[in-house]
Each structure stands twice: as structure tokens, then as C-alpha cells.
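*Asks:* This structure is in C-alpha cells; I'll ask about it shortly.
Please treat every number below as a calculation from the coordinates, not as lab data. Every value quoted in this text rests on a predicted model; they were computed, and no experiment measured them. Quick reminder, even Gly has a Cβ in these numbers, built from the backbone with ideal geometry, and neighbours come from all protein chains shown.
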Amino acid sequence: MAKPRKSKPKAASVVPTTKAPDVEALARDLIERHFHGLKGAVIKYGFTSKKGKRFGRVMLIREEVQTLTERKVCFLVIISKLYWDAYEKAPIRREAALDELLCGMSYDGMTPRLEKHDFKGYRANILRYGVQTDELAEAFKGCQLTLPAMADIEAELAAPPRCDDCGEPADTGRQGEGGVPLCDACWKFRKDCADETNSNVDDDGAHCEGCGSWGLESRLQEMADAKLLCWKCREAVGADTDDVADDEPDVQELDIASVVGDSNNKIGGLLLFGNAPGDIGPAELEALQGVDFTEHAATVGAAQ
């Protein structure tokens with residue numbers, strides 16, 4: 001009797017991978033802010049609908065594959081579409097999970113590498129987002145982390161650096177030429193100025209009349225001598241247009257004193273105009289008794 005033939009196993013269905021422009025846009029922003037070493041790496045991003053227990057994975061493209069395919073692609077980042085959609089209402093989790101994948105990638109300009117998963121490599125991710133991803137939450141479950149050194153704590157809690165162009169806080173990680181910190185607005189302006197096809201961007205810029213630096217016109221402030229100065233020049237001359245000198249004489253006080261004459265009436269005039277000095281003592285207060293402030297106000301009004 002012939003044995004029945006065994007049925008051949010069915011071939012596993014191929015789950016298609018589609019391009020992920022949303023992931024690429026977020027990754028570019030993260031690389032610009034935190035992963036400057038990956039700026040020169042060619043990275044392709046894709047979605048997969050295959051069910052899994054991970055947000056995504058990174059695939060290293062070996063040199064021989066790049067040579068044979070004639071494509072200079074260093075990494076493939078494949079993201080689970082199910083996880084991406086599940087994090088739609090919590091975009092910070094999307095950012096944290098993608099940031100974690102980027103932490104495992106390095107590029108020195110020649111050779112792309114995948115870094116091992118260790119605490120040192122992912123410390124920056126944890127400091128930025130906390131344990132936002134499922135993988136890190138499981139990895140550090142029940143662990144007690146060592147407290148950082150006091151110098152590290154002070155550095156992390158320190159005020160953000162000031163934008164080199166406008167002086168506003170620049171905590172986005174944007175950097176200009178030479179590694180100077182920039183806010184988003186000034187960074188975008190510099191980038192637009194470098195774009196030769198953008199001919200209208202110069203309309204928004206102006207030179208500082210002190211140091212000659214170029215930047216957004218809105219960063220400049222007009223001084224008493226009608227010069228437009230940047231924040232560095234204003235601090236150098238020690239004259240910010242928002243500050244008023246404390247030692248300037250009070251015009252109302254001088255007018256009242258010149259009209260009324262004696263010290264009692266001067267104090268009364270100051271009280272009338274809301275400019276009472278902080279050094280009025282018991283003697284002055286006693287002298288105020290019986291002073292007719294209405295008469296003083298009429299006298300000052302007539303003089304003006």
C-alpha cells in the first residue's frame with residue numbers, strides 16, 4: 001500500500017514594505033538636533049504591517065551589498081505601522097521610540113555601524129524622554145539607576161544657551177557654523193540665506209550697526225542714537241533699551257520742589273503724584289500733618 005504524500009508547506013506570505021515619509025521627516029529633525037554624526041549617512045525608512053512586539057528595527061547594509069546594488073545606503077529603518085498608528089495620540093512616544101533606534105546607529109563618514117544596546121549609549125535617550133518606550137520600560141523594570149555626578153546634574157539643569165544671533169533661549173539643539181547655538185527662527189533664516197534659489201529671504205535681514213553681523217532684522221533694537229544694535233553690542237555698551245536708569249532725577253519731583261519751595265510741601269507733592277520716597281521718617285510724616293495738598297496741586301497745575 002502506497003504511503004500518502006506529505007503536503008508541501010505553504011510558502012509564507014510576503015508582507016509588503018512601504019515608504020514612510022512621516023518617519024523620515026521626524027528622523028531628520030532628531031538627527032539635526034541630537035545625532036550630528038548621522039547627517040552624512042544615507043538612511044531609508046519604511047513601514048511594515050507585519051505583526052511584532054517591537055516599534056521598529058534597524059538593518060545595516062553591508063558594503064558588498066552597496067557595491068553590487070550601486071546604491072550608497074547605510075541603514076534601513078523599518079517601523080511597525082501598528083505601533084506608529086497606536087502612538088498617534090502620544091507623539092512624544094513616537095519621537096522617543098525613533099530616537100532610541102537612532103541611538104543604536106553610528107557613522108564616521110566611511111563606515112556605518114550598529115552599536116550594542118548598553119546603558120551608556122542610551123543614557124541620552126532616557127534623559128530626554130524618560131522610559132517612554134516599551135523596550136526600555138521592560139529593560140529597566142526593577143532596576144535602580146546610579147545617580148549622576150553633581151556636575152552633570154548642574155549642567156543638565158542649567159539655563160539653556162542663548163541664540164548666537166538674537167540672544168533668545170536656544171534649547172532645540174540647532175547649531176550654526178562653528179557649532180554656535182541657534183533658535184529655530186534664526187537657524188531657518190541662516191539656512192534660507194544659504195539657499196541660492198531663495199532670493200527674497202534677504203528682505204527680512206539686516207546688519208548690526210555695531211559689529212556688522214548679519215541676521216534677522218527683528219533681532220535688532222534701536223538705541224538712543226538711532227543705531228540698530230544686536231544683543232551682544234547692547235550688552236557691550238551696557239545700555240539696553242528696555243531698562244531705565246535708576247539714578248535719573250524725577251521730573252515731577254523737581255518741578256514740585258521748584259514751585260513749592262519748602263521740604264514739607266515737596267513731600268506733599270511727591271505723595272500727590274504717587275512718587276513718595278522710601279526714606280520718609282517719623283519727622284517728615286509729622287510735618288505732613290495739616291499740610292493742604294489741594295493748594296499745592298493747584299499751584300503745580302498753574303505752573304505747568
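*Asks:* What list do you get for MET59, MET105, MET150 if you sort them by fewest beta carbons within 10 Å?
*Replies:* Ascending number of Cβ neighbours within 10 Å: MET150, MET59, MET105.
*Asks:* Same structure again: Note down the nm distance, to one decimal, between modelled labels 7 Å out along Cα→Cβ at ALA151 and at GLU217.
*Replies:* Here the modelled spin labels are 4.7 nm apart.
*Asks:* Say R0 is 41 Å: what FRET efficiency, to the nearest 0.05, do VAL42 and LYS89 get from their beta-carbon distance?
*Replies:* With R0 = 41 Å, the Cβ-Cβ based efficiency is 0.80.
*Asks:* 5 Å is the cut-off here: which amide hydrogens, built 1.01 Å from N in the peptide plane, fall below it relative to GLY56, excluding neighbours closer than 5 in sequence?
*Replies:* SER80
*Asks:* If you don't mind, there's one more thing I want to ask. What FRET efficiency comes out for the pair SER199/GLU32, r = Cβ-Cβ distance, R0 = 25 Å, nearest 0.05?
*Replies:* So, using R0 = 25 Å, E works out to roughly 0.55.
*Asks:* Output wanted: per-residue J couplings in Hz (rounded whole) for region 161-166, from phi through Karplus 6.51 cos²θ - 1.76 cosθ + 1.60, θ = phi - 60°, x for Gly and Pro.
*Replies:* Using θ = phi - 60°, the values come out as x, 8, 4, 5, 8, 10 Hz.
*Asks:* Follow-up question, since we're still on this one. Work out the charge dipole of region 177-237 with +1 on the Cβ of Lys and Arg and -1 on the Cβ of Asp and Glu about the Cα centre, then indicate which of PHE189, GLY178, GLY212 is farthest towards its positive end.
*Replies:* Of the options given, the answer is GLY178.
*Asks:* Shifting gears a bit: Given points 7 Å out from each Cα along the Cα-Cβ axis, report the GLU70 to LYS227 separation in nanometres with one decimal.
*Replies:* 6.1 nm
*Asks:* Mind checking the full-extension length gain between LYS81 and ALA159? Use 0.36 nm per residue of separation minus the Cα-Cα distance, one decimal, nm.
*Replies:* Value of the extension gain: 24.3 nm.
*Asks:* Then there's this: In debye, nearest 20, what is the charge dipole magnitude of region 17-138 about its Cα centre with +1 on Lys and Arg Cβ and -1 on Asp and Glu Cβ, if you could check?
*Replies:* Here the size comes out at about 180 debye.
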